[in-house]
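K.L.:
Sending over a structure as structure tokens; questions will come in a sec.
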Amino acid sequence: MHLGTAEVILSQRPGVVRGARPEHAEIESPRLARAVNGALAVLRPPRSIGRKRVAAFAATVEAESAGLDTGTEAAFDHVVADFRHDLQRVGISEALFGRGFALIREAARRSLGMTHYDVQLYAGGVIARAGLAELETGEGKTLTATLPAALAAMAGIPVHVITANDYLVSRDAEEMMPLYRRLGISVGVVTTGESVRAARRDAYACDITYVTHTQVAFDYLRDQVAGAGERSLAHRLRLTRTTRGDSPVLRGLCFAIVDEADSVLIDDAATPLILSGPGVTEDEELLQTALAFSDCLEPGRDYEVDVRRNAVELRPAGHARLAELGRGIDGPLGGERRRAEWVHRALCATHLYDRDRHYVVRDGAVEVIDLPTGRRAPDRSFEGGIQGLIEVAEAVEITPRLETLARISYQHFFRRYLRLGGMTGTAQEVARELWQVYGLRTEVVPSRIASQRLEPGRRVYARADEKWDAAVVRIRSLHESGRPVLVGTASVATSERLSERLAREGLVHDLLSATQDGKEAEVIAGAGALGRITVATRMAGRGTDIRLGAGVVEVGGLAVISMELGEARRIDRQLFGRCGRQGGPGSCEELLSIEDQIVVAHLPLWLR
């Protein structure tokens, strides 16, 4: 798919054709279209790109670069201005595509002292054509994103560069700012700390806006509440609005470039984004009574916990026991049906939600943990009364139950963009789903330099204690050789468990978990220092480069150890991709146990 002619460009930017805030009108595609996409997904596996194809595309850009590096700054400005005029007049045709990338690459050389590699040029082309590029970890996705972002921005299309957290938003925008300024492109930044809607409106008014997926989605919901969702002719022709505090901040959903796209578009796809207003506080007596009743039930007889389905089922004996316990009781759980509903919720809160895995208690409050990343998600809460039950069980203040004003899932939100592209280090496993849901074709771009990463393999132990003992021995051995070690775990609890063992053995280390995400980038960035040991929860610090310290290459590079399987193999691949970056040395291995939670959940009892 090409970026398109002038008519296509006009339809992808605010104006008379699409209105002040353009977006796709429908959330769900028709059933027949989804069925067709599902069938086509089978026929559209991820395409691995050969080096010859990459070289051919780079040669096209190189041909358009003739004379750009020898001109004066003033002459270069003149060339950029002429190109921008042509771009907005005739659209991003194939004739101008290579020229645009050549100008952006030259601007990067002049302003950043950096030049896009061939693989970055090709990946940028994939994204610009509304595709998803799989780039090896460490291949420079931040610089790659500037190619499609700047090209679209110069064509007048508002661009959202979307990434995982506030640190990466600020870092990427700051690092790439000189390049964009050199091209006359304005850049805005939206982070959690900016709560003033006027400031957010100004950021979205820029040619390119760096923002997290959570922030842009919630800003979209707030705009819907403020009335931006009107689709009347008067609204579509109203190209300017007043700057009231409640007026919309977005200029529509024109073009999104999603970093770590598999995490955002797949792992978080079904996560409901709920814009809430003040509500009522749950009845503490009701919550305490429900928990007390649940404690009186016997597992196996009164209820069954299905770990594989992550569900709890009340058995007939349990209903009979509740009827007996509730005999003669008045109050919030006096009714039999209501009593059964709340006791079932209490059992779920007790048996399906674990502290330091699904949530943490921090500063006297219960905060949800995003399982794929291991990061805290303070903007989320458990639904259906589960939040209040956990708060009572943890003896913290009960937070008010919020009333829903608007809601949408990430999947539905991102499908509203007129153009969607992305990049990640791990997309092959979900390529068919990305095509079926978003129409994104995945292309696997070869690494610039062949990897030297060693993979000693996987060791499985019968007991969890045996695994942790073996981990300490292995970490000590690697540490004594001078190699830095990064250990990945699945939860805060397991991180702390390993940390305690390392401390007892006198092994100094850094511990990074969902309770310490304020410093995760700093800790991860230093994980490549000689002899450093870092224990991290899941993908903590994802997106932050681990640079090898002095002397590390000579002793074998970074050693990565995975202590538990991820929910998906690509999550493991993300962890392994932290070593052996850009052709450097490194190794990755797995230490597992039959008692690991994911094994218990998925392995049949007879096989265990």
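K.L.:
Given the criteria over 23 Å from Asp166 (Cβ atoms) and either crowded, with 20+ Cβ neighbours inside 10 Å or of a type in the set (A, V, I, L, M, F, W, C) (or both), does Leu314 qualify?
P.N.:
On the way: over 23 Å from Asp166 (Cβ atoms): yes; either crowded, with 20+ Cβ neighbours inside 10 Å or of a type in the set (A, V, I, L, M, F, W, C) (or both): yes.
Yes.
K.L.:
Give just the number: which of (1) under 17 Å from Asp259 (Cα atoms); (2) in contact with a helix residue (DSSP H, G or I) (Cβ under 8 Å, 6 or more places away or on another chain); (3) of a type outside the set (Val, Ile, Thr) does Arg182 not satisfy?
P.N.:
It fails just one condition, (1).
K.L.:
Within the stretch 593-600, is there a residue that is part of a strand (DSSP E or B) and surrounded by 15 or more Cβ atoms within 10 Å (Cβ to Cβ)? Don't jump to the end; show me each part of the working.
P.N.:
If we filter the stretch 593-600 for residues that are part of a strand (DSSP E or B), which is where we start, we get 593.
Checking which are surrounded by 15 or more Cβ atoms within 10 Å (Cβ to Cβ) leaves us with 593.
Yes, there is a match, as at least one residue in the stretch 593-600 is part of a strand (DSSP E or B) and surrounded by 15 or more Cβ atoms within 10 Å (Cβ to Cβ).
K.L.:
Please enumerate the residues belonging to the stretch 408-432 that are buried (at least 18 other Cβ atoms within 10 Å of the Cβ) and of a type in the set (D, E, K, R).
P.N.:
Arg415, Arg416, Arg419, Arg432 - these are the residues of the stretch 408-432 that are buried (at least 18 other Cβ atoms within 10 Å of the Cβ) and of a type in the set (D, E, K, R).
K.L.:
Still on this structure: Step by step: first the residues of the stretch 252-275, then only those that are in a strand (DSSP E or B) and farther than 21 Å from Ala123 by Cβ, then the one that is most open to solvent (accessible area, probe 1.4 Å). Which residue is that?
P.N.:
Pro272
K.L.:
Further, regarding this structure: Pairs needed: first member in the stretch 152-175, modelled with pLDDT of 95 or more and part of a loop (DSSP other than H, G, I, E, B); second member anywhere, surrounded by fewer than 23 Cβ atoms within 10 Å (Cβ to Cβ) and not small (Gly, Ala, Ser); C-beta distance under 6 Å; at least 6 residues apart or different chains.
P.N.:
Pro158/Arg251
K.L.:
Quick test of your reading of the structure: Ile104 fulfils all but one of (1) surrounded by fewer than 16 Cβ atoms within 10 Å (Cβ to Cβ); (2) of a type in the set (A, V, I, L, M); (3) closer than 21 Å to Val445 by Cα. Name the failing condition by number.
P.N.:
Going through the list (1) surrounded by fewer than 16 Cβ atoms within 10 Å (Cβ to Cβ); (2) of a type in the set (A, V, I, L, M); (3) closer than 21 Å to Val445 by Cα, Ile104 breaks only (1).
K.L.:
Is there a residue being touching a Ser or Thr at 6+ places or on another chain (Cβ under 9 Å), at pLDDT below 95 and farther than 30 Å from Ser48 by Cα anywhere in the stretch 177-195?
P.N.:
There is at least one residue in the stretch 177-195 that is touching a Ser or Thr at 6+ places or on another chain (Cβ under 9 Å), at pLDDT below 95 and farther than 30 Å from Ser48 by Cα.
Yes/no per residue for (1) charged (D, E, K, R); (2) at pLDDT below 95; (3) assigned to a helix (DSSP H, G or I); (4) open to solvent by 60 Å² or more (accessible area, probe 1.4 Å):
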position: Leu32; (1), (2), (3), (4): no, yes, yes, yes
position: Gly38; (1), (2), (3), (4): no, yes, yes, no
position: Leu87; (1), (2), (3), (4): no, yes, yes, no
position: Gly100; (1), (2), (3), (4): no, no, yes, no
position: Ala108; (1), (2), (3), (4): no, no, yes, no
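K.L.:
Moving on. Give, as residue ranges, the helices (runs of 4 or more DSSP H) completely inside the stretch 382-491 that count at least 2 residues that are more than 30 Å from Pro332 (Cα to Cα). First the steps, then the outcome.
P.N.:
Working: elements: 386-393, 410-414, 431-438, 464-480.
So the answer is 410-414, 431-438, 464-480.
K.L.:
Considering only residues that are open to solvent by 30 Å² or more (accessible area, probe 1.4 Å) and among the aliphatic types (A, V, I, L, M), which ones fall in the stretch 437-490?
P.N.:
Matches in the stretch 437-490: Ile449, Ala450, Leu454, Val460, Ala462, Val473.
K.L.:
Same structure again: Which one of Gly138, Gly131 is in contact with a Lys or Arg (Cβ under 7 Å, 6 or more places away or on another chain) and open to solvent by 10 Å² or more (accessible area, probe 1.4 Å)? Working first, answer last.
P.N.:
Values: Gly131 fails: open to solvent by 10 Å² or more (accessible area, probe 1.4 Å).
After applying the criteria, what remains is Gly138.
K.L.:
Let me ask something additional. Hey, could you check the stretch 176-202 for residues that are in a helix (DSSP H, G or I) and without any contact (Cβ under 8 Å) to a residue 24 or more places away in the chain and say which is farthest from His78 (Cα to Cα)?
P.N.:
Taking the stretch 176-202 and keeping what is in a helix (DSSP H, G or I), we get 176-182, 197-202.
Filter once more, so that each one left must be without any contact (Cβ under 8 Å) to a residue 24 or more places away in the chain: 177, 199, 202.
Numbers: Met177: 20, Ala199: 32, Asp202: 28 Å.
Once the filter is applied, the top-ranked residue is Ala199.
K.L.:
From the set of residues in the stretch 547-581 that are assigned to a loop (DSSP other than H, G, I, E, B), open to solvent by less than 40 Å² (accessible area, probe 1.4 Å) and modelled with pLDDT under 85, which is farthest from Ala464 (Cα to Cα)?
P.N.:
Out of the qualifying residues, it is Ala568.
K.L.:
Taking the stretch 180-207 on its own, how many of its residues are under 24 Å from Phe101 (Cα atoms) and out of contact with any Lys or Arg (no Cβ under 9 Å at 6 or more places or on another chain)?
P.N.:
So the count comes out to 7.
K.L.:
Filter the stretch 332-359 for residues that are outside any helix (DSSP H, G or I) and modelled with pLDDT of 90 or more; which is surrounded by the most Cβ atoms within 10 Å (Cβ to Cβ)? Break it down into steps so the answer makes sense when it comes.
P.N.:
At the first step, the residues of the stretch 332-359 found to be outside any helix (DSSP H, G or I) are 332-335, 352-359.
Okay, now just the ones that are also modelled with pLDDT of 90 or more, so 352-355, 359.
Numbers: Leu352: 15, Tyr353: 19, Asp354: 14, Arg355: 16, Tyr359: 26.
Only one residue tops the list, namely Tyr359.
K.L.:
Inspect the stretch 507-524 for any residue being open to solvent by less than 60 Å² (accessible area, probe 1.4 Å), more than 27 Å from His358 (Cα to Cα) and modelled with pLDDT of 85 or more and give the result as yes or no.
P.N.:
Keep residues of the stretch 507-524 that are open to solvent by less than 60 Å² (accessible area, probe 1.4 Å), which gives 507, 509-517, 520-521, 523-524.
Restricting the remaining residues to those that are more than 27 Å from His358 (Cα to Cα) gives 507.
So of that shortlist, the ones also modelled with pLDDT of 85 or more come out as 507.
The answer is yes; a qualifying residue exists.
K.L.:
If you don't mind, there's one more thing I want to ask. With Val445, Val460 as the choices, which residue is closer than 30 Å to Asp267 by Cα and either touching a Phe, Trp or Tyr at 6+ places or on another chain (Cβ under 7 Å) or without any contact (Cβ under 8 Å) to a residue 12 or more places away in the chain (or both)?
P.N.:
Values: Val460 fails: either touching a Phe, Trp or Tyr at 6+ places or on another chain (Cβ under 7 Å) or without any contact (Cβ under 8 Å) to a residue 12 or more places away in the chain (or both).
When all the criteria are applied, what remains is Val445.
K.L.:
Follow-up. Does Ala529 satisfy the condition of being modelled with pLDDT of 90 or more and open to solvent by 20 Å² or more (accessible area, probe 1.4 Å)? Show your work before the answer.
P.N.:
Numbers: modelled with pLDDT of 90 or more: yes; open to solvent by 20 Å² or more (accessible area, probe 1.4 Å): yes.
Yes, satisfied.
K.L.:
Could you tell me how many of the residues in the stretch 320-331 are within 25 Å of Ala395 (Cβ to Cβ) and surrounded by fewer than 18 Cβ atoms within 10 Å (Cβ to Cβ)?
P.N.:
The total comes to 3.
K.L.:
Out of all the residues in the stretch 65-80, which are open to solvent by 60 Å² or more (accessible area, probe 1.4 Å) and in a helix (DSSP H, G or I)?
P.N.:
Restricting attention to the stretch 65-80, the residues satisfying the condition of being open to solvent by 60 Å² or more (accessible area, probe 1.4 Å) are 66, 69-70, 72-74, 77-78.
Hits for the stretch 65-80 are Glu73, Ala74, Asp77, His78.
K.L.:
For the list (1) out of contact with any helix residue (DSSP H, G or I) (no Cβ under 6 Å at 6 or more places or on another chain); (2) surrounded by fewer than 18 Cβ atoms within 10 Å (Cβ to Cβ); (3) closer than 30 Å to Arg251 by Cα, I need the number of the one condition that Leu405 fails.
P.N.:
The single condition Leu405 does not satisfy is (1).
K.L.:
For the stretch 243-272, how many residues are modelled with pLDDT under 85 and either in contact with a His (Cβ under 9 Å, 6 or more places away or on another chain) or small (Gly, Ala, Ser) (or both)?
P.N.:
Within the stretch 243-272, the subset modelled with pLDDT under 85 is 243-247, 267-272.
Add one more test, that the residue is either in contact with a His (Cβ under 9 Å, 6 or more places away or on another chain) or small (Gly, Ala, Ser) (or both), and what stays is 245, 247, 268-270.
Going through the stretch 243-272 one residue at a time, the tally reaches 5.
K.L.:
For the stretch 43-64, give me each residue that is open to solvent by 70 Å² or more (accessible area, probe 1.4 Å) and in contact (Cβ under 8 Å) with a residue 40 or more places away in the chain. Spell out how you get there, then give the answer.
P.N.:
Step one: of the stretch 43-64, the residues open to solvent by 70 Å² or more (accessible area, probe 1.4 Å) are 43-44, 47-48, 51-53, 60, 62-63.
Those that are open to solvent by 70 Å² or more (accessible area, probe 1.4 Å) and in contact (Cβ under 8 Å) with a residue 40 or more places away in the chain: Arg44, Arg47, Ser48, Arg51, Arg53, Glu62.
K.L.:
Only one of Val159, Val189 is of a type in the set (A, V, I, L, M, F, W, C), open to solvent by 10 Å² or more (accessible area, probe 1.4 Å) and in contact with a helix residue (DSSP H, G or I) (Cβ under 7 Å, 6 or more places away or on another chain). Can you tell me which?
P.N.:
Details: Val159 fails: open to solvent by 10 Å² or more (accessible area, probe 1.4 Å).
Only one candidate qualifies: Val189.
The values are calculated or read from the model by the stated rules, or taken from the named source; none is laboratory data. The model shown is predicted, which means the values in this text are computed figures rather than measured ones. For neighbour counting, all protein chains shown are included, and Cβ atoms are generated from backbone atoms with ideal geometry for every residue, glycine included. Heavy atoms of the whole protein, side chains included, go into the accessibility calculation; ligands, DNA and RNA do not. Shrake-Rupley method; radii C 1.70, N 1.55, O 1.52, S 1.80 Å.
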